[in-house]
């Protein structure tokens with residue numbers, strides 16, 4: 001794959017790339033750059049954190065990248081997930097790994113790294129301290145969005161430390177490409193600002209979109225990142241999200257109730273799942289209707305589906321039924337893994353029990 005194709009494939013992962021010029025230079029200098037994405041282990045993984053992540057990881061590894069899946073267990077503790085219970089957080093992280101193992105991720109080129117391993121090295125804390133010394137509390141608080149918080153929130157001292165740790169993660173692990181959600185862009189900007197001061201190359205920012213939740217999106221004016229954050233799948237609102245280990249019945253129920261206005265392309269979660277999940281995974285969507293309603297129709301790309309839907313040729317309920325079938329097909333290997341693997345089954349039960357008491 002030549003440089004142009006590699007750049008195009010990597011860029012296709014993100015809503016925002018900073019910068020294409022830096023990416024080209026990186027690929028010339030390093031044939032196999034390191035990319036990463038990080039997650040606080042806290043609750044079950046939904047589609048955006050499982051299938052969508054696997055699609056993006058596989059694009060980057062196909063373009064020659066090595067990938068780190070970062071399990072931010074200490075960060076989750078600092079952010080008071082599961083009440084700061086590190087044992088529960090780490091159990092949840094092990095469950096995450098089991099989901100990623102089963103969802104089609106290119107594991108040959110993926111390494112799982114825990115923040116609890118990084119923190120054992122004094123050199124890591126030296127990086128954290130340097131970043132903290134170079135920035136004001138106000139500057140760090142502007143990154144609070146990365147934790148699902150806001151600048152106006154009353155933050156603990158641990159939460160103030162969190163962005164310094166996340167920026168340090170990038171340098172300590174030798175990351176070249178920060179492939180995180182758009183809600184993480186402020187700390188990635190911080191890392192790019194700090195890189196020259198710490199003697200590192202500026203990391204590439206490759207910010208992927210945040211898949212919408214199933215509920216009607218909020219109305220009113222918001223900045224783009226705040227709006228995307230408000231619209232995303234939410235673990236705290238279970239019916240807004242399809243989880244990787246949901247049953248087929250749950251998937252059908254949630255999608256049948258989802259927001260999906262007739263003819264509307266924008267802010268339509270069902271169409272969004274077609275574009276970012278179903279076509280990348282299956283290269284088609286089959287809508288099987290009774291003959292009196294148009295009969296079977298097959299789409300091989302999102303653009304043709306969107307055109308038909310906007311013209312009123314596809315009814316929302318027919319689209320929903322087809323999407324539920326396709327998503328269930330994608331989730332079946334994950335369900336089978338958690339049904340047949342005793343370790344995975346036990347982890348799932350533990351995490352679900354935490355959810356009830358959380």
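The values are calculated or read from the model by the stated rules, or taken from the named source; none is laboratory data. None of the values given here were measured: they were computed from a predicted structure. Note that we place each Cβ from the backbone using ideal geometry, even for glycine, and neighbour counts take in every protein chain shown.
Restricting to segment 255-270, give me the number of residues that are buried (at least 20 other Cβ atoms within 10 Å of the Cβ) and part of a helix (DSSP H, G or I).
Number satisfying all stated conditions: 3.
Only one of 312, 294 is out of contact with any helix residue (DSSP H, G or I) (no Cβ under 6 Å at 6 or more places or on another chain), at pLDDT below 95, in the same structural domain as residue 325 (by TED's automatic domain parsing) and on the phi > 0 side of the Ramachandran plot; which?
294
Return a yes/no flag: does segment 142-161 have any residue that is over 23 Å from residue 227 (Cβ atoms), at pLDDT 95 or above and in the same structural domain as residue 71 (by TED's automatic domain parsing).
No: zero hits.
Yes/no per residue for (1) buried (at least 17 other Cβ atoms within 10 Å of the Cβ); (2) touching a helix residue (DSSP H, G or I) at 6+ places or on another chain (Cβ under 8 Å):
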{"position": "40", "(1), (2)": "yes, yes"}
{"position": "48", "(1), (2)": "yes, no"}
{"position": "52", "(1), (2)": "yes, yes"}
{"position": "120", "(1), (2)": "no, no"}
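Which is under 16 Å from the mean Cα position of the chain (by Cα) and in a helix (DSSP H, G or I), of 197, 101?
101
Here is a list: 72, 63, 8. Which entry is crowded, with 18+ Cβ neighbours inside 10 Å and more than 29 Å from residue 241 (Cα to Cα)?
On inspection, the qualifying residue turns out to be 63.
With the checklist (1) more than 23 Å from residue 60 (Cα to Cα); (2) without any contact (Cβ under 8 Å) to a residue 60 or more places away in the chain; (3) not assigned by TED's automatic domain parsing to the domain that holds residue 273 in hand, flag the one item residue 200 doesn't pass.
Just one mismatch for residue 200, condition (1).
Restricting to segment 11-36, name every residue that is part of a loop (DSSP other than H, G, I, E, B), under 18 Å from the mean Cα position of the chain (by Cα) and either under 18 Å from residue 109 (Cβ atoms) or not assigned by TED's automatic domain parsing to the domain that holds residue 174 (or both).
Those that are part of a loop (DSSP other than H, G, I, E, B), under 18 Å from the mean Cα position of the chain (by Cα) and either under 18 Å from residue 109 (Cβ atoms) or not assigned by TED's automatic domain parsing to the domain that holds residue 174 (or both): 12, 13.
Of all residues in segment 300-358 being part of a helix (DSSP H, G or I) and in contact with a strand residue (DSSP E or B) (Cβ under 7 Å, 6 or more places away or on another chain), which is surrounded by the fewest Cβ atoms within 10 Å (Cβ to Cβ)?
318
Being within 30 Å of residue 2 (Cα to Cα) and not assigned by TED's automatic domain parsing to the domain that holds residue 273 narrows it down to one residue among 70, 82, 39; which is it?
Being within 30 Å of residue 2 (Cα to Cα) and not assigned by TED's automatic domain parsing to the domain that holds residue 273 holds for just one of 70, 82, 39, which is 70.
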